[in-house]
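Undergrad: Got a structure for you, questions after.
The values are calculated or read from the model by the stated rules, or taken from the named source; none is laboratory data. Given the structure is predicted, the values throughout are model-derived calculations rather than measurements. Here the Cβ positions follow ideal geometry from the backbone for every residue, glycine too, while neighbour counts run over all protein chains shown.
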Ligand code: GLN
């Protein structure tokens, strides 16, 4: 279905275009299991779409400062998915990113993990991934005063902070092999560590670094945008193909009825 990868240019999201490609008129919207019946699936709590994520990945997911409730792009997506499926949304407490796929695979706790999660072959071997709903790339972030480049960071004297188990961590290991790669539990910890001088750089998803620098880290800068051409998908158990089909159908509806565009504008409209 996806004939070419669309990179984020200047940070604009192009998910709508990708999903629009599968449309709602053709009937089948699932690329993972076209035989699945979207009307038959199981839920861990009846009538509810139970969701898990790592809630330290703004603007995709974070916790509201006063209420502690989950908020963000993915949270809005989850609410609309539930609405389009005739369900209520139920968010569980934050957990480490690298535990999300194992939790979904094991089953019994949550129906979906929606976490700015890149669709990768390794993850697809463990769980089903929905159709893509966001395009993303990687970025290298350093202090605004730093003169480091990708080349100078690839050195045994440098420490690169990443979020454990992410595609950013993988990229850093492969492309900055001489540096020490420090896996942390959140991107926020990584950015705080660069801010305080503990680490030399962070490698993380570009939409997140751009948003965070704009919102809260004016003393950091992106020195490199890395066109990895990633796409985010929603993780669902392989035992529940009907749910993947239903989620894909709802995503396609959200593109055609304008919901997706409205959520993009809400979180990225004038920010990125
Ligand atoms: N998109 C990256 C990945 O899937 C990072 C996701 C995240 O940190 N929430 O690995």
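Undergrad: Please work out if residue 142 is modelled with pLDDT of 95 or more and within 14 Å of the ligand (Cβ to nearest atom).
TA: Spelling it out, it is not the case that residue 142 is modelled with pLDDT of 95 or more and within 14 Å of the ligand (Cβ to nearest atom).
Undergrad: Identify, please: which residue in the stretch 111-127 is in a loop (DSSP other than H, G, I, E, B) and in contact with a helix residue (DSSP H, G or I) (Cβ under 6 Å, 6 or more places away or on another chain) and is, among those, farthest from the ligand (Cβ to nearest atom)?
TA: 127
Undergrad: Could you look through the stretch 186-221, keep only residues that are buried (at least 18 other Cβ atoms within 10 Å of the Cβ) and part of a strand (DSSP E or B), and pick out the one that is nearest to the ligand (Cβ to nearest atom)?
TA: 205
Undergrad: What pairs can you find where one residue is in the stretch 178-207 and more than 11 Å from residue 160 (Cα to Cα) and touching a residue at least 60 places away in the same chain (Cβ under 8 Å), the other is more than 11 Å from the ligand (Cβ to nearest atom) and not in a loop (DSSP other than H, G, I, E, B), and their Cβ atoms are less than 6 Å apart, with a gap of 6+ or different chains?
TA: 206/139; 206/225
Undergrad: Here is a list: 130, 136. Which entry is within 12 Å of the ligand (Cβ to nearest atom), on the phi < 0 side of the Ramachandran plot and touching a residue at least 40 places away in the same chain (Cβ under 8 Å)?
TA: Matching residue, one of 130, 136: 136.
Undergrad: On to the next question. Would a scan of the stretch 31-42 turn up a residue that is modelled with pLDDT of 95 or more and more than 20 Å from the chain's Cα centre (by Cα)?
TA: Yes.
Undergrad: Within the stretch 242-259, identify whether any single residue is in contact (Cβ under 8 Å) with a residue 40 or more places away in the chain, under 23 Å from residue 126 (Cβ atoms) and either part of a loop (DSSP other than H, G, I, E, B) or within 12 Å of the ligand (Cβ to nearest atom) (or both), and answer yes or no.
TA: Scanning the stretch 242-259, I find no residue that is in contact (Cβ under 8 Å) with a residue 40 or more places away in the chain, under 23 Å from residue 126 (Cβ atoms) and either part of a loop (DSSP other than H, G, I, E, B) or within 12 Å of the ligand (Cβ to nearest atom) (or both), so the answer is no.
Undergrad: Residue under question is residue 147, and the condition is that it be over 16 Å from residue 232 (Cβ atoms) and not in a loop (DSSP other than H, G, I, E, B); does it hold?
TA: no
Undergrad: Next question. Are any residues in the stretch 230-272 closer than 21 Å to residue 136 by Cα, surrounded by 23 or more Cβ atoms within 10 Å (Cβ to Cβ) and in contact with a strand residue (DSSP E or B) (Cβ under 9 Å, 6 or more places away or on another chain), and if so, which ones?
TA: Result: 230, 232, 233, 234, 235, 236, 247.
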